[in-house]
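The values are calculated or read from the model by the stated rules, or taken from the named source; none is laboratory data. If you're wondering where the values come from, they're calculated on a predicted model, not measured in any experiment. Cβ atoms come from the backbone with ideal geometry, glycine included; neighbour counts cover every protein chain shown.
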Amino acid sequence: MLDTAAIVREGCFRHLTLKSYKRVYLSRLGVEMGIPVAKKLHAASLLFFAVASQLPARAQSEPALSHSSSIERGLVEAARARHQAYAHGECLDWASYVSADFHFIDSAGHSFTRDQEMKECQPQHAVAGSKNERVLTDFHCQINGNLAFLDYREDEILHLGDTKLNRSFRHLDTFERHQRKWTVIHAMEVQIFDDPPIARIEPASFDAFVGQYESSTGGMVDLISRKGDKLFGQGAADDTPTELFPESSDTFFIPGDPTRMTFVRDETGKVAGLVLHFPDREIVRERKVR
């Protein structure tokens, strides 16, 4: 869980906005900010190719393209088969697609070996009423000699009895070819969050949110303002205001940012504070001071 007190001590929240919370929180998970997830993963593979080798001569390009297309199709099929095997608890089938020294880094920055992943793999019937569905789309592939990089989107639906959980990730798989067989030697994922629909809210209601908000420790300040039919947030008077979009009557978001700002009302219905929260986690709570 995010230690906000430690972050305050480090001086990370001198100028607060929703974006600054996101930068600090995700940097703690090892995610570099300022670059969309898909571009970040794709850039990692492009950087490797830029320094590892040069493209083949033009005279050789046509056969190479044809061969690469065939390899790419095989890698896409392998990625889909590997994920389906793991989702269905077909552990030995899953293991056939990864190397003996395989490592996986999850969205929280934890690293797992092939053996550890095998222990986590469970047949679907092992948990009564459970079902795991995974859909892979939006593939991008780069091939360089005996190495290949495949990044893609995964939408996962986990059924636990009557409960359905939806999550989405961006994956980057590194394949190595050995004796004509491609296996995954390294894989990583970053969870992604799609923006919700923008709720239709009467702009006049934004006036109730306008004001200055401070954390209980007094070290964090957010300024909320309205300009026309838009609501804005900023960490200090000289910061550039960031537009906040309504998800519901009292909850707002920034496009591309999973953080949410929810305004809290007292028993009379008057706005008394706000809560900044990441999915499933409260980051910080502030009270309205004026």
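Only one residue in 172, 158 is under 17 Å from residue 98 (Cα atoms) and in contact with a Ser or Thr (Cβ under 8 Å, 6 or more places away or on another chain). Which one? On inspection, the qualifying residue turns out to be 172. Between 112, 206, 169, 193, the distinction of being aromatic (Phe, Trp, Tyr) and farther than 30 Å from residue 276 by Cα belongs to 112 only.
Taken over region 212-250, the criterion of being exposed (fewer than 14 other Cβ atoms within 10 Å of the Cβ), in contact (Cβ under 8 Å) with a residue 24 or more places away in the chain and of a type in the set (A, V, I, L, M, F, W, C) is satisfied by 236 alone. Quick one: what pairs do we get from region 251-278, first residue within 17 Å of residue 207 (Cβ to Cβ), second of a type outside the set (A, V, I, L, M) and assigned to a loop (DSSP other than H, G, I, E, B), C-beta under 6 Å, 6+ apart or different chains? From region 251-278, the pairs are 263/250; 272/266. Out of the residues in region 125-177 that are among the acidic types (Asp, Glu) and in contact with an Asp or Glu (Cβ under 8 Å, 6 or more places away or on another chain), which is farthest from residue 106 (Cα to Cα)? Selected residue: 133. Within region 184-204, identify whether any single residue is surrounded by 14 or more Cβ atoms within 10 Å (Cβ to Cβ), within 23 Å of residue 105 (Cβ to Cβ), of a type outside the set (A, V, I, L, M) and at pLDDT 90 or above, and answer yes or no. Yes, that holds for at least one residue.
Residues being assigned to a helix (DSSP H, G or I) and in the same structural domain as residue 184 (by TED's automatic domain parsing) are entirely absent from region 143-151. Could you say whether any residue in region 116-138 is part of a strand (DSSP E or B), more than 23 Å from the chain's Cα centre (by Cα) and in contact (Cβ under 8 Å) with a residue 40 or more places away in the chain? No, region 116-138 contains no residue that is part of a strand (DSSP E or B), more than 23 Å from the chain's Cα centre (by Cα) and in contact (Cβ under 8 Å) with a residue 40 or more places away in the chain.
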